[in-house]
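Since every read-out is calculated from the coordinates, none of them should be taken as a lab result. Note that the structure is predicted; figures quoted are calculated from it, not measured. Here the Cβ positions follow ideal geometry from the backbone for every residue, glycine too, while neighbour counts run over all protein chains shown.
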Amino acid sequence: MNCRYLLRSAALFGALLSLGLLAPPPASAKARLSATVEGKGAPLVVFEAGHGDTQAVWRPIARIIARSTRTFRYDRPGYGGSADSPEPRDPCSAARRLHAELAARDLKPPYVLVGHSLGGLYQYVFAKLYPGEVAALVLVDGTHPDHWRTMHAEAPDTARAVEAVLPTFTAAMQRELREMGQCTAGFLDEPLDIPVRLLFRTRYDRDERGAFQQMTERLQKDWQRVSTDVAADRVERAGHYIQRDRSDVVIAAIRQFVPR
């Protein structure tokens with residue numbers, strides 16, 4: 001999770017909301033989540049965006065991967081073209097919702113799951129809930145299951161700043177943050193038995209340095225308990241959005257699990 005993004009975005013979101021540009025879709029909007037399916041073949045590469053992002057954040061990389069296999073990217077409820085929903089926003093509910101969406105579209109496993117930031121946490125939980133359907137997991141600066149609690153304990157100044165801007169965000173975004181620490185207790189104690197590739201940033205903005213950076217780097221090391229087959233890479237010249245700063249590294253990580 002990028003705290004600088006949260007703090008900088010408060011004013012922008014307020015302005016867009018006042019213009020009606022980020023108003024949630026009406027209740028009559030189509031029930032199915034807004035999604036894009038491209039390419040042919042297997043495994044299906046499933047992309048999950050981070051907090052505050054729509055499926056568009058994955059468009060350039062997904063289209064490249066779709067030259068080799070089928071891809072799926074979508075907007076969670078309350079994002080992009082997907083209607084908002086009163087359903088829970090904890091990671092387990094997010095994973096179950098995605099699983100149901102794939103089934104409804106007859107998009108069968110095996111899946112290669114790719115997730116950025118909070119979307120990385122959601123994809124990890126998907127793999128925990130449906131291990132027999134997941135071929136591999138690629139986490140792009142994924143949010144650690146204990147991130148929210150640890151931030152309040154070890155980087156309280158950052159936590160207070162995030163809490164201060166929360167009311168400026170959409171209801172969906174607020175709930176995703178507030179519920180991100182639910183349902184995952186003890187998950188890392190039992191490693192997955194699938195290959196997992198962890199990509200971590202090396203660049204931090206000035207107001208992320210200090211306690212927040214130290215906490216984040218400690219949690220990056222703890223992430224490596226995620227699987228019996230794990231490889232971690234600290235990506236040079238990359239901030240939180242590694243898929244933008246170093247798309248080549250992300251593409252190479254995904255292609256390890258996609259037939260060429």
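Which whole-number percent gives the relative contact order of the chain, counting Cα pairs below 8 Å spaced six or more residues apart?
Relative CO of the chain lands at 21 percent.
So, with +1 on the Cβ of K and R and -1 on the Cβ of D and E, and no other charges, what is the size of the charge dipole of the chain about its Cα centre, to the nearest 20 debye?
Details: 35 positive and 30 negative charges, 167 e Å.
The calculated dipole for the chain is roughly 800 debye.
May I ask for the net charge around Thr184, where only other residues with Cβ less than 15 Å from the Cβ of Thr184 are counted and Lys, Arg are +1 while Asp, Glu are -1?
Value of the local net charge: -1.
Could you give the dipole magnitude of segment 65-193 about its Cα centre, charging the beta-carbon of Lys and Arg +1 and that of Asp and Glu -1, in debye to the nearest 20?
The dipole magnitude comes to about 480 debye.
For segment 152-245, list log₁₀ I(q)/I(0) at each q in 0.13, 0.16 Å⁻¹, using the Debye formula over Cα point scatterers of equal strength and ignoring solvent, two decimals each.
For the requested q values the scattering log ratios are -0.60, -0.91.
Highest mean first, what order results for 206-212, 122-128, 97-103, 239-245 on Cβ atoms within 10 Å?
Going by the mean number of other Cβ atoms within 10 Å, highest first, we get 122-128, 239-245, 97-103, 206-212.
Assuming a viscosity of 1.306 mPa s and a temperature of 10 °C, what translational diffusion coefficient in µm² per second does Stokes-Einstein assign to segment 19-150, Rh being the Kirkwood radius over Cα pairs?
Values: Rh = 15.0 Å.
Calculated translational D: 106 µm²/s.
Hand me the tally of lysine pairs in the chain: alpha carbons under 24 angstrom apart, and the pair either on different chains or 8 or more positions apart.
Pairs that pass both the separation and distance tests number 4.
Say each of Asp157 and Ile251 gets a label point 7 Å from the Cα, pointing the same way as Cα to Cβ; how far apart are those two points in nm?
According to this spin-label approximation, the distance is 4.0 nm.
Run the numbers for Arg209 and Ala56: contour at 0.36 nm per residue of separation, minus the present Cα-Cα distance, in nm. Walk me through the intermediate numbers first.
On the way: separation 153, 0.36 × 153 = 55.08 nm, distance 2.85 nm.
Length difference between fully extended and current span is 52.2 nm.
For a quick check: sort Arg178, Arg76 by the number of other beta carbons within 10 angstrom, fewest at the front.
Arg178, Arg76
If I take all pairs of Cα atoms in the chain, what percentage of them are more than 35 Å from each other?
Counting every Cα pair in the chain, those more than 35 Å apart make up 10 percent.
How much mean residue ellipticity at 222 nm does the chain get from its helices, if each DSSP H run of length 4 or more adds -39500 (n - 2.57) and you divide by all residues, to the nearest 500 deg cm²/dmol? Mind showing how you got there, number by number?
Values: 10 runs with 101 residues, N = 260.
-11500 deg cm²/dmol, from helical runs alone.
When you count, for each residue, the other Cβ atoms within 10 Å and take the mean per peptide, how do 164-174, 110-120, 82-92 rank with the highest first?
Those peptides, ordered most packed to least, come out 110-120, 82-92, 164-174.
Given labels modelled 7 Å from the Cα in the Cβ direction, how far is it in nm from Ala103 to Glu236?
Each label point lies 7 Å from its Cα, and together they span 4.6 nm.
Within the chain, what percent of beta bridges assigned by DSSP are antiparallel, to the nearest 5?
Bridges in the chain are about 15 percent antiparallel.
Please list 63-70, 138-145 highest first by mean number of surrounding beta-carbon atoms within 10 Å per residue. Don't jump to the answer; show the numbers that get you there.
On the way: 63-70: 17.4, 138-145: 26.9.
Averaged packing, sorted descending, gives the order 138-145, 63-70.
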